[in-house]
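J.: First, the structure itself, so that you have it in front of you.
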Amino acid sequence: ARAVIEAIDPGKDVDGFHYHNVGALVVGEPAFYPCTPWGVMKMLEHEGIGVEGKHAVVVGRSTIVGKPMALLLLNAGATVTVCHAKTRDLPSLTRQADILVAAVGRARMITGDMVKPGAVVIDVGINRLPDGKLCGDVDQESVAKVAARLSPVPGGVGPMTIAVLVANTLRA
């Protein structure tokens, strides 16, 4: 996979995975950033949700979503905590989040008791239940009672990912 990524012209890397673009993200320079986390940032911006000075908690550390999400939030002035499968006492950390991003790949893992009242919750997950229905990483029903804002699944982050990919393709 590394050789394939390195073979792509960074100026044509609309997914934002080339090492040049990843490095630019780390140091906060303009580049092609991974589409899903960049889409989340655009969603927050569109909704008028300020990031600067807020405590953001990202649940998930993948190279496609979790890590770049944390870097984008950090670059925008948030204080960022990254949680993952090995995190001890996850609910104590998620309850501190002003902005909670769930990108872990486990259906309805984030429940209402794990969310700070008034938090903004972004559900990046997409999971298929045994009955064939789609759901996110957030239990929408219980979290909606606590959160100030909650992105839906389906129809939330997914369309933003596609919109950013199209915008990047046009820019490339």
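The values are calculated or read from the model by the stated rules, or taken from the named source; none is laboratory data. Note that this is a predicted model, so its numbers are computed, not measured. Neighbour counts run over all protein chains shown; Cβ positions are idealised from the backbone, glycine included. Just the protein is used for accessible areas: all its heavy atoms, side chains included, with ligands, DNA and RNA removed. Shrake-Rupley method; radii C 1.70, N 1.55, O 1.52, S 1.80 Å.
J.: If we keep just the residues of segment 2-52 that are assigned to a loop (DSSP other than H, G, I, E, B) and among the aromatic types (Phe, Trp, Tyr), which is farthest from Leu170 (Cα to Cα)? Give the derivation first.
T.: Residues of segment 2-52 that are assigned to a loop (DSSP other than H, G, I, E, B), as a first pass: 8-9, 13-18, 28-34, 47-52.
Restricting the remaining residues to those that are among the aromatic types (Phe, Trp, Tyr) gives 17, 32-33.
Working: Phe17: 17, Phe32: 12, Tyr33: 14 Å.
Across segment 2-52, the extreme among qualifying residues is Phe17.
J.: Among the residues of segment 116-123, is there at least one that is within 22 Å of Phe32 (Cα to Cα), open to solvent by less than 20 Å² (accessible area, probe 1.4 Å) and not in a helix (DSSP H, G or I)?
T.: Step one: list which residues in segment 116-123 are within 22 Å of Phe32 (Cα to Cα), which gives 122.
With open to solvent by less than 20 Å² (accessible area, probe 1.4 Å) added as a condition, the list becomes 122.
Subset that is not in a helix (DSSP H, G or I): 122.
Yes, some residue in segment 116-123 is within 22 Å of Phe32 (Cα to Cα), open to solvent by less than 20 Å² (accessible area, probe 1.4 Å) and not in a helix (DSSP H, G or I).
J.: Now for a separate question. Given the conditions (1) of a type in the set (A, V, I, L, M, F, W, C); (2) farther than 18 Å from Gly60 by Cα; (3) open to solvent by 40 Å² or more (accessible area, probe 1.4 Å), and given that Leu129 satisfies all but one, which numbered condition is not satisfied?
T.: (3)
J.: Among the residues of segment 140-171, write down those that are open to solvent by less than 70 Å² (accessible area, probe 1.4 Å), among the aliphatic types (A, V, I, L, M) and within 14 Å of Gly39 (Cβ to Cβ).
T.: Matches in segment 140-171: Val153, Val157, Met160, Ala163, Val164, Leu165, Ala167.
J.: Further question on the same structure: Whether any residue in segment 31-43 is farther than 23 Å from Pro159 by Cβ, at pLDDT 95 or above and either open to solvent by 40 Å² or more (accessible area, probe 1.4 Å) or of a type in the set (Lys, Arg) (or both) is what I want to check.
T.: For segment 31-43, residues farther than 23 Å from Pro159 by Cβ, at pLDDT 95 or above and either open to solvent by 40 Å² or more (accessible area, probe 1.4 Å) or of a type in the set (Lys, Arg) (or both): absent.
J.: Would you tally the residues in segment 63-91 being closer than 15 Å to Asp123 by Cβ and in a loop (DSSP other than H, G, I, E, B)?
T.: 1
J.: Looking at the structure I just gave you, is Asp137 open to solvent by less than 50 Å² (accessible area, probe 1.4 Å), out of contact with any helix residue (DSSP H, G or I) (no Cβ under 9 Å at 6 or more places or on another chain) and under 14 Å from Ile110 (Cα atoms)?
T.: Details: open to solvent by less than 50 Å² (accessible area, probe 1.4 Å): yes; out of contact with any helix residue (DSSP H, G or I) (no Cβ under 9 Å at 6 or more places or on another chain): yes; under 14 Å from Ile110 (Cα atoms): yes.
Yes; evaluated as a whole, the condition is true for this residue.
J.: Quickly run through segment 81-96 and pick out the residues that are open to solvent by less than 40 Å² (accessible area, probe 1.4 Å) and either of a type in the set (A, V, I, L, M, F, W, C) or at pLDDT below 95 (or both).
T.: Cys83, Leu90
J.: Moving on to the next point. In segment 97-113, how many are open to solvent by less than 90 Å² (accessible area, probe 1.4 Å) and either in a loop (DSSP other than H, G, I, E, B) or of a type in the set (Lys, Arg) (or both)? If you could, list the steps in order and put the result at the bottom.
T.: Initial filter on segment 97-113 (open to solvent by less than 90 Å² (accessible area, probe 1.4 Å)): 97-105, 107, 109-112.
Then drop every residue that is not either in a loop (DSSP other than H, G, I, E, B) or of a type in the set (Lys, Arg) (or both), which leaves 97-98, 103-105, 107, 109, 111.
Qualifying residue count, segment 97-113: 8.
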